[in-house]
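Here the structure comes first, spelled out in structure tokens, and everything after it is commentary.
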């Protein structure tokens, strides 16, 4: 829940001094309407016999008005709408179109189309600002020695607090909150790993950690990721992937062909190499991982953005929302599924199935009411109070209603990195909605 801003304590008890001598009888004290010892009850009246020096009537101090906080707390718990009382959230990086699309920047028609989607834009900017504030806190907080579960819970609790939707009431998580579970994939694991209940994994000094999480407001998902490493020998790997992501963002735009965007990404990525323990490794694009379009309440849309050159002639179009994400590896540059599953999502195109297990029916009802088609993980079911749900969950997967997303790994001993931004292909400009000072 959103924490209340600390307030000044204005209710300290006042020390009352009646001025009476220890042996003075109580009947000799004169009380005013407020019950205070006072000489002001009768105008010009002399103090009663047996009382000490007359006490002046105390004036109550007016209560100070609570002010809206002006900066985020640590950890982030201040509702974002309190930091932006006008509910107008910061724009992302706006990039003007070039060449044949240059006219769009000043076109009255295109500006009108932009204005028609002002509420949608503000929702996206709301989610993006939440993402920036939470991830910048995470970047300064995450350290070797921390448990992955604590890292994930810290990020997710912060997101929920900033949007003001804890997600514990039925349907609350569908209004705003986590767009998908926090991915904390380490070393040769590139994606789709988040700790399940009971996970004891602790971050190590020599690890390369991918932090990938989403924030949604009214189903509009901001998808952005970064990589952290504490050993400087991995710096060239991180630089390669960040540069490749930025190259893909620069190439993206109306009528850009997806296969050509992938070629630009690959060229930049594979111009880097990294030396580890005396061996030099070329940085490879992980060829079976892609960026993608984002649809309302659906993290994976219908278009994919390759990170290697392909013959895909599909074009980016006005109104598309893309996650431009790239992965680099010192291994084979190819991932496969391996390990305990944590990520799930209900399929939007799932056929209606007559489920036999009552636990599967019950769990599907919980998923529909709390997540819809948004991805979720086992920890999310745990915090909703669900118990002994694995049999029902596996039944939903087997019947094609829910899709599972196992961890994606390159060969053991290799290292992978990821950077990602969400971009809006607006009618007038390309907006890198999740851009920040950090990346």
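The values are calculated or read from the model by the stated rules, or taken from the named source; none is laboratory data. Just so we're clear, the structure is a prediction, and the values are computed from it rather than from any experiment. Cβ sites come from the backbone with ideal geometry, for glycine too, and all protein chains shown count toward neighbours.
Residues in the range 213-251 that are in contact with a helix residue (DSSP H, G or I) (Cβ under 9 Å, 6 or more places away or on another chain) and not in a strand (DSSP E or B): 218, 219, 240, 241, 243, 244, 245, 246, 247, 248, 250, 251.
Residues considered: 372, 333. Of these, the only one that is in contact with a helix residue (DSSP H, G or I) (Cβ under 7 Å, 6 or more places away or on another chain), surrounded by 14 or more Cβ atoms within 10 Å (Cβ to Cβ) and either assigned to a loop (DSSP other than H, G, I, E, B) or in contact (Cβ under 8 Å) with a residue 60 or more places away in the chain (or both) is 372. Of the residues making up the range 385-398, those that are surrounded by fewer than 18 Cβ atoms within 10 Å (Cβ to Cβ) and not in a helix (DSSP H, G or I) are 385, 387, 388.
Within the range 397-412, being in contact with a helix residue (DSSP H, G or I) (Cβ under 7 Å, 6 or more places away or on another chain) and without any contact (Cβ under 8 Å) to a residue 40 or more places away in the chain holds for no residue.
Restricting attention to the range 191-212 and to residues that are without any contact (Cβ under 8 Å) to a residue 60 or more places away in the chain, assigned to a loop (DSSP other than H, G, I, E, B) and touching a strand residue (DSSP E or B) at 6+ places or on another chain (Cβ under 9 Å), the residue that is nearest to residue 329 (Cα to Cα) turns out to be 206.
Residue-wise test of (1) buried (at least 19 other Cβ atoms within 10 Å of the Cβ); (2) out of contact with any helix residue (DSSP H, G or I) (no Cβ under 6 Å at 6 or more places or on another chain); (3) at pLDDT 95 or above.
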site: 127; (1), (2), (3): yes, yes, yes
site: 130; (1), (2), (3): yes, no, yes
site: 138; (1), (2), (3): yes, no, yes
site: 141; (1), (2), (3): no, yes, yes
site: 145; (1), (2), (3): no, yes, yes
site: 158; (1), (2), (3): yes, no, yes
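Keeping to the range 275-312, report how many residues are in contact with a strand residue (DSSP E or B) (Cβ under 6 Å, 6 or more places away or on another chain), in contact (Cβ under 8 Å) with a residue 12 or more places away in the chain and either farther than 16 Å from residue 420 by Cβ or part of a loop (DSSP other than H, G, I, E, B) (or both). Total satisfying the criteria: 12.
Being closer than 15 Å to residue 429 by Cβ, exposed (fewer than 12 other Cβ atoms within 10 Å of the Cβ), under 27 Å from the mean Cα position of the chain (by Cα) and at pLDDT below 95 is a condition met by no residue of the range 93-102.
A quick yes/no check of all residues on (1) within 17 Å of the chain's Cα centre (by Cα); (2) more than 24 Å from residue 270 (Cα to Cα); (3) surrounded by fewer than 18 Cβ atoms within 10 Å (Cβ to Cβ); (4) modelled with pLDDT under 95:
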{"site": "190", "(1), (2), (3), (4)": "no, no, no, no"}
{"site": "198", "(1), (2), (3), (4)": "no, yes, yes, no"}
{"site": "205", "(1), (2), (3), (4)": "no, yes, yes, no"}
{"site": "214", "(1), (2), (3), (4)": "yes, yes, no, no"}
{"site": "224", "(1), (2), (3), (4)": "yes, no, no, no"}
{"site": "231", "(1), (2), (3), (4)": "no, no, yes, no"}
{"site": "235", "(1), (2), (3), (4)": "no, no, yes, no"}
{"site": "251", "(1), (2), (3), (4)": "no, no, no, no"}
